[in-house]
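Read through the structure below, which is laid out as structure tokens, and then see the notes.
The values are calculated or read from the model by the stated rules, or taken from the named source; none is laboratory data. None of these values were measured; they are calculated from a predicted model. With ideal geometry, Cβ positions are generated from the backbone for all residues, glycine too; neighbour counts draw on all protein chains shown.
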Amino acid sequence: MVATTKLQAQSLAAALAASNEVEHPRLSSLVDFVRQQLGPEHPLVQALLGGAAFHHAGLPVEVLEALEEAVKDDSLPFLTCTSTLTDGVNLPVRTVVLYDQSYQGQPEDSRLRGARLVNAMGRAGRAGRETEGWIVLVRAAAPSSQDFDDLNPDADELAVTSSLIVEDALVSVAALERSAREDTDAIFSAAGVAADFISFVWLMLATDETESPESFSADVEAIVGSTLMASQSLAARAVYEPLAEATKLAYLATEPTERRRWPRTGTSISTARWMDHLAFRLASEVDGSQDLGSPSVALSFLGPYLPTLLDLPEAPKWEFRVTPRGQDVSVGPADLVRSWMNGASLPDLAEQFLSAVEPPSWRLEQAVTAVTNHCEHYFAWTVGALVDLINLHLERLDSEERLCPELSGYIRYGVKDLRALRLMRSGFRSRRLANVLAESAPIEAESVDELRSWLAELSIGDWRNQFAATSSEVLDLVDFTRVRRRSLLRSLLEDGVARASLSWIELNPETSGSIALRSLDGETPPAPLVVYMDERAVAFVASGDHSDVQSILDTGFGLELNIESDELTIGLLSED
């Protein structure tokens, strides 16, 4: 169900869940994962318990991906979302409900119209599984002929139009160009579409100069001509070419190494210039008295400047309220980022910084939004760019000191240990588990492969007992420890036999008798795979082979099992 706003998507999911009395056991692992990621009070957990979920930009990437997978494997019956999902992800669904409820002051480009509407409708019907899909249009009024016309947009409505030729953009660009005639630095105060255009021109100039320094011509006419705007409106092109020329003059007036490195920040040119100057000042203050290679020390060094980063035009809104429309709550960005990096859970962050907010679900929603928008995205990116600039200036100052180059990763994933960061970057979804494993691993287990080998030596029971691993975390560990570049199922089909390592429960067990292979009796899924001899558990399948052996069992093939030394040999049962 495609809604116009995040709040509508959440409200619709809650209503669907409240009206659904059917139990959904296949969602248990997803509920467990979301509860572990967001906390039990988050409204997404309550929605999932009723078989529904909502998907929008206020949720962590790992949660969004888990919801998408649940739709793909048919375990999640209902998903409400904003149009950002239908714009970017091709999910196989049978029915699309378009809940396009407009509101006062709504930007026209946020409406379900034209190409955005066609994208949403195109999700209905699962290719290769069904021959048709359903599209339902919901209106809070009696149906009209315009409603049906909206479902069949014409060529003009589907045309892609450059954002540079919108009237408001043309007016602001013309005004900025007039200012730039008197003051070249005026381009560094640009905002909105004008700032985006300036950054584009600057990037193209820097790219051309870097790739062909000897033949660099600063041909802004060609740069403007390469845009969609230039092909759609000669009048707009005439407005933008003087601004491009002003950008060229500012570019050529800037020191060559500076002008070429500014686009690397991925920000507007005005922000890049400010960050570069700040980076030089901070690099000049480094005196070697601190271990700036430590992520916690590096964060303390930059912490006083995080509020300033929030004042930049690229920054998402840093806002916390007692109620959705109530009084503001003051939260220091450096304090929140520090707690996040130290491993505080989202419920812990909500309690620590928003204890005055009621109900707890609203408190938790705001903490999730802050972490998603700022720690996982904005701060991770801008702090990473600032650290790169600082280290570049330290190198130019002949200093051997370096600010922690991986600081953006520690902020992004909410960890403080290098091993935990490596685990998160290798596909772990649970930062709690990554932090626990980093503290528990042997000193010599530094690399991802060494950590994988250490974990593969432990059983699923060990994971649960030693690390308090939840069901979703056990599934991640099973996938992580799986032997790479090998498939026991393929070996079984191609060679007629597959071999899995065993970990004995008994010493010197009797290995003759009736052999069976199944999940450990009475254990919570995902349970260890156990070899039973005459209904007596004698060995576990090694953790590194669990996933491959489970895939063989899932085929339903008749299997012939034998024990040879410390291996379980699996063959296909002959038809005889």
Residue that is farthest from Val34 (Cα to Cα) [pool: residues in the stretch 441-481 that are surrounded by fewer than 13 Cβ atoms within 10 Å (Cβ to Cβ) and among the small types (Gly, Ala, Ser)] = Ser447
Of (1) surrounded by fewer than 18 Cβ atoms within 10 Å (Cβ to Cβ); (2) assigned to a helix (DSSP H, G or I); (3) of a type in the set (Asp, Glu), Glu177 fails just (1)
Please specify each residue of the stretch 524-549 satisfying the condition of being in contact (Cβ under 8 Å) with a residue 60 or more places away in the chain and either part of a helix (DSSP H, G or I) or over 32 Å from the mean Cα position of the chain (by Cα) (or both).
-> Phe540, Ser543, Gly544, Asp545, His546, Ser547, Asp548, Val549
Of the numbered conditions (1) within 30 Å of Trp274 (Cα to Cα); (2) at pLDDT below 95, Glu406 fails exactly one; give the number of that condition.
-> (2)
When you look at Leu502, is it crowded, with 18+ Cβ neighbours inside 10 Å, touching a Gly at 6+ places or on another chain (Cβ under 8 Å), over 19 Å from Thr524 (Cβ atoms) and touching a residue at least 24 places away in the same chain (Cβ under 8 Å), yes or no?
-> no
Those helices (runs of 4 or more DSSP H) completely within the stretch 43-120 that have 1 or more residues that are modelled with pLDDT of 90 or more are 43-49, 61-72
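I'm checking my understanding of the structure. Among residues of the stretch 249-279 that are in a helix (DSSP H, G or I), β-branched (Val, Ile, Thr) and surrounded by 18 or more Cβ atoms within 10 Å (Cβ to Cβ), which one is farthest from the chain's Cα centre (by Cα)? Outline the logic, then answer.
Within the stretch 249-279, the first condition is being in a helix (DSSP H, G or I), and the residues that meet it are 249-252, 256-265, 269-279.
With the extra rule that they be β-branched (Val, Ile, Thr), the set shrinks to 257, 265, 269, 271.
With the extra rule that they be surrounded by 18 or more Cβ atoms within 10 Å (Cβ to Cβ), the set shrinks to 265, 269, 271.
On the way: Thr265: 20, Ile269: 26, Thr271: 24 Å.
Restricting to residues being in a helix (DSSP H, G or I), β-branched (Val, Ile, Thr) and surrounded by 18 or more Cβ atoms within 10 Å (Cβ to Cβ), the top hit is Ile269.
Suppose we filter Leu559, Leu553 for residues that are over 24 Å from Ser28 (Cα atoms) and modelled with pLDDT of 90 or more; which single one remains? It would help to see each step written out before you state the result.
Numbers: Leu553 fails: over 24 Å from Ser28 (Cα atoms).
Answer to the check: Leu559.
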Considering (1) under 16 Å from Leu354 (Cβ atoms); (2) exposed (fewer than 14 other Cβ atoms within 10 Å of the Cβ), say which one Val337 fails and leave the rest.
-> (2)
Among residues of the stretch 31-71 being of a type in the set (D, E, K, R) and under 18 Å from the mean Cα position of the chain (by Cα), the residue nearest to Thr369 (Cα to Cα) is Glu62
Scope the stretch 250-291; condition more than 16 Å from Ile198 (Cα to Cα) and among the small types (Gly, Ala, Ser); matching residues | Ala279, Ala283, Ser284, Gly288, Ser289
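With modelled with pLDDT under 95 and within 25 Å of Asn391 (Cα to Cα) as the only criterion, which of Gln327, Gln290 stands out?
Just a single option satisfies the conditions, and that option is Gln290.
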Sole residue being at pLDDT 90 or above and over 25 Å from Asp388 (Cα atoms), chosen from Asp208, Asp219, Asp196, Asp183 = Asp219
Quick one: is Phe379 buried (at least 21 other Cβ atoms within 10 Å of the Cβ), in contact (Cβ under 8 Å) with a residue 24 or more places away in the chain and farther than 19 Å from Gln36 by Cβ?
-> yes
Any residue in the stretch 383-398 that is within 15 Å of the chain's Cα centre (by Cα) and over 20 Å from Leu302 (Cβ atoms)?
-> no
Scan the stretch 230-251 for residues that are in contact (Cβ under 8 Å) with a residue 12 or more places away in the chain and more than 17 Å from Glu177 (Cα to Cα) and jot them down.
-> Gln232, Ser233
Lone unmet requirement of (1) over 19 Å from the mean Cα position of the chain (by Cα); (2) touching a residue at least 60 places away in the same chain (Cβ under 8 Å); (3) buried (at least 21 other Cβ atoms within 10 Å of the Cβ) for Pro313 = (3)
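Residue check: is Glu285 under 23 Å from His55 (Cα atoms) and either free of Cβ contacts under 8 Å to residues at least 12 places away in the same chain or assigned by TED's automatic domain parsing to the domain that holds Ala191 (or both)? Lay out the reasoning, then the answer.
Numbers: under 23 Å from His55 (Cα atoms): no; either free of Cβ contacts under 8 Å to residues at least 12 places away in the same chain or assigned by TED's automatic domain parsing to the domain that holds Ala191 (or both): yes.
No.
Considering each residue of the stretch 466-488, count those that are in a loop (DSSP other than H, G, I, E, B) and closer than 18 Å to Glu62 by Cβ, and give that number. First the steps, then the outcome.
Initial filter on the stretch 466-488 (in a loop (DSSP other than H, G, I, E, B)): 468-470, 482-487.
With the extra rule that they be closer than 18 Å to Glu62 by Cβ, the set shrinks to 469-470.
Adding up the residues that qualify gives 2.
Considering only residues that are among the small types (Gly, Ala, Ser), in a helix (DSSP H, G or I) and surrounded by fewer than 18 Cβ atoms within 10 Å (Cβ to Cβ), which ones fall in the stretch 1-36?
Residues satisfying the conditions are Ser11, Ala15, Ala18, Ser28.
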Of all residues in the stretch 497-518, count the ones that are over 22 Å from Arg486 (Cβ atoms) and either of a type outside the set (Asp, Glu) or modelled with pLDDT of 85 or more (or both).
-> 12
Does Leu64 satisfy being in contact (Cβ under 8 Å) with a residue 60 or more places away in the chain, surrounded by fewer than 23 Cβ atoms within 10 Å (Cβ to Cβ) and closer than 21 Å to Leu85 by Cβ?
-> no
